[in-house]
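What follows is a short report on a single structure.
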Amino acid sequence: MKRLELGGRSVATPATVEAVPFAELETMPGARGVILSPEIDFPQIAPFLDRLDLVVVIFPLFRDGRGFTQARAVREYGKFGGEIRASGHVLPDQANYLRRCGVDAVMLPDEADEAPWRRELARFHTAYQPSVLDGPLGALRRKIG
C-alpha cells in the first residue's frame with residue numbers, strides 16, 4: 001500500500017507509528033495509532049485522542065459514508081492535530097470531500113494510478129459548505145454564513 005497526501009494540512013506522522021484496532025487500544029497504553037472501523041462512534045474514541053498521532057478511518061464500501069463522519073468528528077470535536085488517514089474502498093471523486101472532513105492522506109494499492117486523485121484535488125477551489133479546513137468560502141456562503 002502507498003500513502004497519498006491530500007494536501008489539506010502538512011502533518012508529519014513518524015514512520016514508526018503503528019495503528020492498532022480500536023478494540024486493542026485500551027490494553028496497549030503505548031499505542032500511538034488506531035484503526036477505526038465504521039461502527040466506532042466519536043464518544044468511544046474521544047478519551048484516547050490526546051495520546052494518538054494517527055487515526056486510520058476504514059471505508060468498507062465506497063458508498064458507506066460513516067468514515068467521513070468519523071474523520072470530521074475526530075478533527076473538529078476532538079481537536080485532533082495528528083494525521084487522519086483513509087483506508088479501504090475510497091474513490092478519486094471523494095478526494096475533496098475526504099480533505100474537507102479532515103483526512104490528510106489515503107492509502108492506495110501499490111498499483112493504483114495517482115493521476116485521477118490529483119485531478120480531483122485540483123478541480124474545486126471554492127466551497128459553499130463549512131469544513132474543518134481553514135479556507136475561503138464561496139460568495140453565497142459568506143453572505144448567508
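When both residues are 6+ apart or on different chains and their Cβ atoms are under 6 Å apart, which pairs have a first residue that lies in the range 20-38 and is within 16 Å of Gln70 (Cβ to Cβ), and a second that is outside any loop (DSSP other than H, G, I, E, B) and of a type in the set (S, T, N, Q)?
Short answer, once both residue conditions are applied: Leu36/Gln70.
Kindly list the number of the only condition in (1) of a type outside the set (Ser, Thr, Tyr); (2) closer than 19 Å to Glu114 by Cβ; (3) crowded, with 17+ Cβ neighbours inside 10 Å that fails for Leu52.
Unmet condition: (2).
Return the total of residues in the range 50-68 being of a type outside the set (A, V, I, L, M), within 16 Å of Val34 (Cβ to Cβ) and within 11 Å of the chain's Cα centre (by Cα).
Residues flagged as of a type outside the set (A, V, I, L, M), within 16 Å of Val34 (Cβ to Cβ) and within 11 Å of the chain's Cα centre (by Cα) within the range 50-68 amount to 2.
So which residues in the range 88-113 are part of a loop (DSSP other than H, G, I, E, B), touching a residue at least 60 places away in the same chain (Cβ under 8 Å) and under 11 Å from the mean Cα position of the chain (by Cα), if there are any at all?
Gly102, Val103, Asp104
So Gly81 passes all but one of these: (1) modelled with pLDDT of 95 or more; (2) within 15 Å of Ile45 (Cα to Cα); (3) small (Gly, Ala, Ser). Which condition number does it fail?
(1)
What are the residues in the range 45-77 that are outside any helix (DSSP H, G or I), in contact (Cβ under 8 Å) with a residue 24 or more places away in the chain and closer than 14 Å to Val103 by Cα, if any?
Matches in the range 45-77: Asp53, Leu54, Val55, Val56, Val57, Ile58, Phe59.
The values are calculated or read from the model by the stated rules, or taken from the named source; none is laboratory data. All figures in this text were calculated on a predicted structure; none of them were measured in a lab. So basically every Cβ, Gly included, is an ideal-geometry build from the backbone, and we count neighbours across all protein chains shown.
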